[in-house]
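The values are calculated or read from the model by the stated rules, or taken from the named source; none is laboratory data. Predicted model, so just to flag it, every value in this text is computed and none were measured. Glycine gets a Cβ as well: all are built from the backbone with ideal geometry, and neighbour counts include every protein chain shown. Note: areas computed on protein heavy atoms with side chains; ligands, DNA, RNA excluded. Shrake-Rupley method; radii C 1.70, N 1.55, O 1.52, S 1.80 Å.
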Amino acid sequence: MRRQAFDPARLLLGLSLLGIAAAHVLTATGRWELPLPVLLPLLPAALLLAGAVSAVTHAVRRRRDRGRGG
């Protein structure tokens, strides 16, 4: 079995989506009052943050690989 490289963007996106889902469930059950205009922009913000982390990770790995001569 081939070993997969750690991808921090996927971890961040997964945790962000879990948080958004939890906020939605808490709002739907009435345990927490979060207005819809606050809840809706959280998904694009999570995607943008994951994209930025992915770009930084790619740049760091690319620079590290160049330093090794590969």
For the chain, the convex hull over Cα atoms projects on average to an area in nm² of 6.6
Taking 0.36 nm per residue of separation between L18 and L47 and subtracting their Cα-Cα distance, the length gained on full extension comes to 9.2 nm
About its Cα centre, the chain carries a charge dipole, from +1 on Lys and Arg Cβ atoms and -1 on Asp and Glu Cβ atoms, whose size in debye to the nearest 20 is 680
With label points set 7 Å from each Cα along the Cα-to-Cβ direction at Q4 and T29, the distance between them in nm comes to 2.9
Rounded to whole Å², per residue accessible area for the chain with a 1.4 Å probe reads 85
